[in-house]
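Readers should treat all values here as calculations from the given coordinates under stated rules, not as data from a laboratory. Please read these numbers as outputs of a predicted model, since none were measured by experiment. Cβ atoms come from the backbone with ideal geometry, glycine included; neighbour counts cover every protein chain shown.
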Amino acid sequence: MSAVVDAIQLAPAAAAHGYWRSVFSRLTRDKVALTFFSILVLIFVAAIFAPLIAPSDPYASSILNRLKPIGTPGHLLGTDELGRDMLTRLIYGGRLSLLMGLAPVVLAFAVGSFLGITAGFVGGRVNTAIMRTVDVFYAFPSVLLAVAISGALGAGIVNALVSLTIVFIPPIARVAESVTTQVRSLDFVEAARASGAGAPTIIRVHIIGNVLGPIFIYATSLISVCMILASGLSFLGLGTKPPQPEWGLMLNTLRTAIFQNPWVAALPGMMIFAVSICFNLLSDGVRQAMDVTR
Amino acid sequence: MILQVKQLKKYFSTGKSFFGKSRGTVHAVDDISFEVAAGETLGIVGESGCGKTTAARLLMRLIEPDEGEVLLEGRRIGGAQGGMSLTEARRRMQMVFQDSYASLNPRLPIEASIAFGPMVHGVAEREALKRSRDLLARVGLEPSRFAARYSHELSGGQRQRVNIARALALQPRVVILDEAVSALDKSVEAQVLNLLLDLKTEFGLTYLFISHDLNVVRYMSDRVMVMYLGKIAEIGPVESIYRETGHPYTRALLSAMPTLDPDRRTTEPPLAGDPPNPIDPPPGCRFRARCAYAESVCERIDPADAVGHSGHLIACHMSIPRSGHTRQGLAQ
């Protein structure tokens, strides 16, 4: 029996490639998705190569040049409350902000999908055990949960990442479970069982391709929430600490300057907004490209 | 006998209360036994909810039976000693489902759907895809045009051809066709039926043909089994069932069948009411609530299959000698 199941490790590889290739080709024809994808790439590249691109040192403060407006010579986007160059800090800030926004969602996507697909496919008591445990975490507001876990683990970026991951596992697991339950009851899964395939093979060939799309779309919508939660943690002193540049933290420290220099104070928020919009529209495009029935 | 079914039973409990107490039991398949000879087609008919599909799923072991056993080629499926493993049984017995759309993975090109089965059983990918294309050609779908298509790009008839090819990809001996043509247009249905007949002779298949369409069953079958509420009402050779109908239920079914022949207009009163609730059925004959000839013996004793001539079994007291029914032997 196991020998038979093992023999299929090479699956319909050709078929799977064909599907993802067609998704990719449809995605490249979607102008909106492509545009926002390029903007994202730009922001990512800027963050990664920050030392090469940024005009000055993100930590170099100057008491004389505090809160300069946008367009000041030498400081294209003005300066913050300690006279540090905003453009530089926005570029550097992308490093931590994108990490804090993406890493927890990616981790939660992996763990949550695994839990949800297992619960949905196996059903019965396994489902009850997994989903009721997940529900316990669901009972707390996400901000409170993130703060509580971070607080318990202690301040620091890694602990903040861990706590955010834990916060996002339950909703992803729940979406994964409900989609899997729907797909599992379809006849093609029965037919696969009737051809003698074991559970791992069925999940890999027949379930994953049909459930990953919706889970993925949902997960991308969490990226912006995650960035905002991360900045909230920083504000409470549980995530990033000043003077490290991070958009959420910058937004919080600049909030005192909102009446003196509103445009500069709003810049970090605009970055968070831009990245969220990009992710949402890109995931929209991916969802449409994944829908083969169109 | 390629397939022997012995005292197969499946009860479903209908929803449990919070503390795990069962509220009632549906006797979906209640103690059915029958045999199918190699190369024949056994038609299975009955109203919806009579247990046809549950019986098919039990045979495929898609659900576990509560009691009874199934022997394929003389070997017990899932048996410990000398039994046939489930994987092996599922290679030799395949099934085509009613819903042609839901039974194909929308994310896979159809050639991959067909090749999946053989690959599960260790056939190399290249070989499996070749077999898949050969079968596509055999069921009338030009591989160069269709192999790479997805199921939504096909019509209902084409999809059901793909499902048939998928079932045949494992080179089975027995194919269960669960309402396989019911959802198709009449003209397409006829084409698919003829394809099934051709494939049967070509590959030496044995069919279990489940349908609610009595005309189609008559056209396809060598023998017919009539089911009512999880039990066999009547089983026998097709002409015997249609001409010398023994069971009042079968007669009611046949009389409900539309005919173009004015000499054969229905005279039998139609069946009144819905089938009784299959939850915790009362003792005695299952059909008695709707039977015009029900008597006290029908309430007390569940009619066992009575042997008629030439293997025609009728589960009715009117056909059982000395059963105590006053219309004994007047059934015809």
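What the table shows:
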read-out	value
Label-point separation, A:ARG255 to A:SER61 (7 Å along Cα→Cβ), nm	1.9 nm
Charge dipole (debye, nearest 20) of segment B:76-185; +1 at Cβ of Lys and Arg, -1 at Cβ of Asp and Glu	340 debye
Considering only the protein assembly as shown, percent of DSSP beta bridges that pair antiparallel, nearest 5	65 percent
Inter-label distance for A:ARG287 and B:GLU244, nm, one decimal - labels placed 7 Å from Cα along Cα-to-Cβ	6.5 nm
Positive-end extreme of charge dipole, the protein assembly as shown - chosen from A:ILE91, B:PRO282, A:PRO104 (charges on Cβ)	A:ILE91
Residue-averaged beta-carbon neighbours from other chains (10 angstrom radius) around B:85-91	4
Other protein chain Cβ atoms within 10 Å, averaged over every residue that makes up B:56-62	2
Within 10 Å of each Cβ in B:98-104, the average number of Cβ atoms from other chains	4
Near-label residues of segment B:70-100 by backbone N, under 12 Å of a point 7 Å along Cα→Cβ of B:ASP198	none
Cα-centre dipole for segment A:182-282 with unit charges at Cβ (Lys and Arg positive, Asp and Glu negative), debye to 20	140 debye
Mean Cβ count within 10 Å, highest first, over the residues of peptides A:44-55, B:38-49	B:38-49, A:44-55
Calculated FRET value between B:ASP263 and A:ARG204, using beta carbons and R₀ = 56 Å, to 0.05	0.40
C-alpha long axis of helix A:31-48 to longest principal axis of chain A, angle in °	60 degrees
Dipole moment magnitude, nearest 20 debye, segment B:127-223 about Cα centre, only Lys, Arg, Asp, Glu C-beta charged	260 debye
Most to least packed among A:59-69, A:79-89, B:187-197 [average Cβ atoms within 10 Å]	A:79-89, B:187-197, A:59-69
Protection-proxy order for peptides A:127-137, B:138-148, each taking the mean of Cβ atoms within 10 Å per residue, highest first	B:138-148, A:127-137
Long-range lysine pairs (8 or more apart or interchain), chain B, Cα under 27 Å	17
Other-chain or far-sequence residues with amide H under 5 Å of B:ASP66's (modelled H)	B:LYS9, B:LYS10, B:TYR11
Options A:ASN261, A:VAL143, A:ALA119, ranked by Cα towards positive dipole end of chain A, top entry (Cβ charges)	A:ASN261
Proximal aspartates and glutamates relative to A:LYS68, as straight alpha-carbon distance under 18 Å, when same-chain residues fewer than 8 apart are discounted	A:ASP57, A:ASP80, A:GLU81, A:ASP85
